[in-house]
1. May I ask for the distance between the Cα centers of segment 303-338 and segment 206-276, given as a whole number of Å?
2. Considering amide H positions built from the backbone, and no H for Pro or chain starts, which residues 5 or more places from Ile202, or on another chain, come under 5 Å of its amide H?
3. Once you sort the root eigenvalues of the Cα gyration tensor of segment 150-341 as a ≥ b ≥ c, which label holds: rounded (a/c under 1.5), prolate (a/b larger than b/c) or oblate (the other case)?
4. With a Cα-only, solvent-free Debye model of segment 90-143, what are the log10 I(q)/I(0) values at q = 0.19, 0.24 Å⁻¹?
5. Can you order the peptides 173-181, 291-299, 205-213 by their average number of other Cβ atoms within 10 Å per residue, highest first?
6. Lys and Arg at +1, Asp and Glu at -1: add these up for the other residues within a Cβ distance under 15 Å of Leu111 and post the number.
7. Based on the mean of other beta carbon atoms within 10 Å per residue, what is the order of 334-340, 99-105, most packed first?
8. For the residue pair Glu313 and Met147, what label-to-label distance in nm results when each label sits 7 Å from Cα along the Cα-to-beta-carbon direction?
Amino acid sequence: MRAGGSPLLLLLLLAGKSCALNNLGGPLRRVFRRGNAAAPDAISDELVSEMDTPAGRAKLSQVIDTLSDSKLMDSITDVLPSFGGSKGSPEELSAIKAARDALSDDPWMALRSDEELLPFVRGASSGDLVERLAETSAWRSKVIPPMDDQNWELSTFFGANQGKFYENDELGERPFLQWVKARDGDEEGAPPLQLEGASLLILRPGRHSVGAIDSETWLSLIAWQGERATTTWRAAEGKDDAESPGRGAVTLIVDRTGSGLRNQDPTLLRELLPALTRHFPYSLHRAYVAPVNIVFWAIWSVARVLLPTRVSERFTLLRGDDWQEQLADELGPIVSARVRAAGVVL
């Protein structure tokens, strides 16, 4: 049995929300008014069953509430998309120099290039740069483990926590997070494959087990990886130019194989994303998300209305039985070969 109809209506009904337009938040009303063209045309019994449970309705309600939190969404999206290839203006470089003078004893500042500090200039309000950089320096000292601590390498971390990830028959032992190696035989920690200058990372939500690892540990892990991607690997990429618009940023491949509501964790995202986007501003270059079912599409339909175009256009959602072919076409043959080597079936 397959159910059709409006996926957004189904999403809200199963979440236990009233579907009268007057009872919906402003962002959700706009979704209905704009319509929902290009939706996947069916939903499986398995998804309906997962959604139509107390736990499923509660999870959907959390997702909708998160997307409807305009203050949260604005804090994340204002400084999300990368701007690589864009040089600092004389005014911006002057602001960086003034900040260096004001924070001359700060060790983190001393190690950062002007290019690495440019995102903070563009993310700070007028006259706020020194305070913003001092805050980020203090945050890094508190949250990010020493960069020579190999326990935060992905394979080591996941090996030590292997019992804390969801066992997914479709994914097997593929890890929750994985940098795509540039070459066979590269050691862990070597600069990964670069796509338009951005480090390429695979995320597999189907391996996530909600609550198995605390948010502080997740924040330290992602920040440790992010520090390397935005500094060490940025430098390894070489000179910034028009062919590397993502330099110092990350491109995500979100492999949703086997992912369901059980793996969604809006509470964790609420805790992680504001800090990560504030202290790693403009660090997302692109995101490819596949396969997309009707439930994810319905959630994305809400999110797309809330996101600025400069953010939403960085996301490519792939749906249909041929999503692997679509992704391979998006990435090109060289990158696709490396992604296959990392375990994504293309």
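1. What the calculation gives is 17 Å, centre to centre.
2. Gln178, Trp179, Val180, Ile253
3. Values: a/c = 1.23, a/b = 1.08, b/c = 1.14.
Taking the square roots of the gyration eigenvalues as a ≥ b ≥ c, segment 150-341 is rounded.
4. Each listed q corresponds, in turn, to -0.57, -0.93.
5. Values: 173-181: 19.4, 291-299: 22.0, 205-213: 17.8.
Taking the mean over residues of other Cβ atoms within 10 Å, the ranking is 291-299, 173-181, 205-213.
6. Values: positive: Arg100, Arg112, Arg140, Arg228, Arg234; negative: Asp105, Asp106, Asp114, Glu115, Glu116, Asp148, Glu227.
Result for the neighbourhood of Leu111: -2.
7. Values: 334-340: 16.9, 99-105: 13.7.
Packing proxy ranking, top to bottom: 334-340, 99-105.
8. Here the answer is 3.3 nm between the modelled labels.
Read-outs: derived from the displayed coordinates by stated rules, not from any lab. Since the model is a prediction, treat every value here as computed from it, not as a measurement. Cβ atoms come from the backbone with ideal geometry, glycine included; neighbour counts cover every protein chain shown.
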